[in-house]
Amino acid sequence: MNPEKALDRLTQCGVVPANRLIIAVTRHCNLKCNHCWLTSGPKSSLKHVDATLLKETLSLWVDAGVQTLCLSGGEPLTHPQWQDILTHCAQFPTIYHLRLQTNGTLLTPKIVNDLADPVFANLHLQISLDGAQPATHDLVRGKGNFAKTMNGLRLLSDAGLGPRTTVSFTEMRHNFEELPQLFAMMEELDIGRVVSGTLIQGGRALTRALDLPSPKQYANLIERFSHDAQLRAIYERIGNTSCLEWYASRREISEHHCANCMESPYISEEGTLFPCGLLSVTNYGIQKVWNCSVASIAKKAEVRWAGLNALSRQRADDIQACMDCTGRRHCQSGCMARLARQTNDFLEVEDRCHLRKMVYTLPDLPD
């Protein structure tokens, strides 16, 4: 089978062919964040992935048609050969988007200057920032790390990389109300995007007493957004958060189903391929994919992942709690992969259901 046709066979079992590959180059991390569902940290027993294996594997996926590469971790900048790996990714002419996910604390003037080199013209950076104040961010990422991350963001901005930088914010009850302030701070730094995602209730988050935002906090942000013209203007330029996106599109019928995220498969640092990063559970893992042909991997995925798309579609019709929800056809019963952290029953409601229902029942607010 020609490499470029290998991923097409996944359509035979209802899976969207991969367009973006996310790959963990290490489980090691310089931080030990309280909300890390991967439980990465400085003392991880899993070693950095061999750079040669990584580069050979990445080349095979690019040959098969992947157009976006995302280097993740752990913390990718702790890998001793991260820059060599990143340079390898940047040399593919068919890769239009290369993303590096980092907590930003290890960025230095030299590193940022290197990243600004024209060889990385297709590089985008994703920086984790979980608050607009030191105490808020450091509550989950450790004392002093807000200052380090902000320093990294300023270096990127000064080097002209701000527009190619996305700040990733994890929504939690203790930090959610700082989102408007964070939007304004990042706009001032010329950061291109601020995206928020809700806390994943898995890993360390289960033992650190961290909570999702409350429905009241969601309602308050929507109300503020409706009458704060400055916030709306900034958000329209750089923002994306589930709360406001759900509210804006709540009357629409969504064609999205959770299994569509299999267009973004994930390879763990152990060399196991999963349909997506969140659905990284044993039942759906394809092991030992380092330097394996994508055609052989696709054959295994046909068997292992068959039915996932149908299961995702079934959720909206079979989950009793969804039957009377006004947002049923917009939500499509949410993301079943989030359930993988808590249960083996994918016909349960996801953990954000109460937040979604509140958003769907809100009246239209005045402009």
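The values are calculated or read from the model by the stated rules, or taken from the named source; none is laboratory data. Predicted model, so just to flag it, every value in this text is computed and none were measured. Methodologically, a virtual Cβ is constructed for each residue, glycine included, from the backbone with ideal geometry; neighbour enumeration extends over all protein chains shown. Note: areas computed on protein heavy atoms with side chains; ligands, DNA, RNA excluded. Shrake-Rupley method; radii C 1.70, N 1.55, O 1.52, S 1.80 Å.
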Exercise. Using modelled backbone amide H atoms (1.01 Å from N, in-plane), which distant-in-sequence or interchain residues come within less than 5 Å of His97's amide H?
Worked result: Leu69
Seminar exercise, completed: Ignoring ligands and nucleic acids, His88 exposes an accessible area, probe 1.4 Å, in Å² to the nearest 10, of 40
Seminar exercise, completed: Expressed in square angstrom to the nearest 10, the accessible area of Ser128 with a 1.4 Å probe stands at 30
Problem set entry | Whole-number percent relative contact order across the chain, with pairs defined as alpha carbons under 8 Å at least 6 apart | 20
For this session: Could you point to the label whose value was computed as Cα Rg over 2.2 N^0.38 Å for the structure here, given (i) 0.98; (ii) 0.93; (iii) 1.12?
Result: (i)
Seminar exercise, completed: So, with points 7 Å from each Cα along the Cβ direction, the Ala159-Leu311 label distance in nm works out to 4.2
Problem set entry | Per-residue HN-Hα couplings for segment 341-357 [Karplus 6.51, -1.76, 1.60; θ = phi - 60°; Hz; x = Gly/Pro] | 6, 10, 7, 8, 9, 7, 9, 9, 6, 7, 6, 9, 4, 5, 6, 4, 4
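I'd like the antiparallel share, as a percent to the nearest 5, of DSSP beta bridges with both residues in the chain. Mind showing how you got there, number by number?
Values: 3 of 33 bridges.
The antiparallel fraction comes to roughly 10 percent.
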Exercise. Residue by residue through segment 29-44, which ³J(HN,Hα) values in whole Hz follow from phi under the Karplus form 6.51 cos²θ - 1.76 cosθ + 1.60 (θ = phi - 60°), with glycine and proline marked x?
Worked result: 8, 6, 10, 10, 5, 5, 10, 6, 7, 8, 6, 6, x, x, 9, 4
For this session: Would you mind pulling out the separation of the Cα centroids of segment 48-114 and segment 199-239, in Å?
Result: 30
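Quick check on my link table: of Lys55/Lys299; Lys110/Lys143; Lys216/Lys357; Lys32/Lys110, which ones sit more than 20 Å apart, alpha carbon to alpha carbon? Each step should come with its number before you reach the end.
Numbers: Lys55/Lys299 22 Å; Lys110/Lys143 24 Å; Lys216/Lys357 12 Å; Lys32/Lys110 25 Å.
With Cα atoms farther than 20 Å apart: Lys55/Lys299; Lys110/Lys143; Lys32/Lys110.
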Exercise. Ignoring ligands and nucleic acids, what accessible area does His124 show with a 1.4 Å probe (Å², nearest 10)?
Worked result: 50
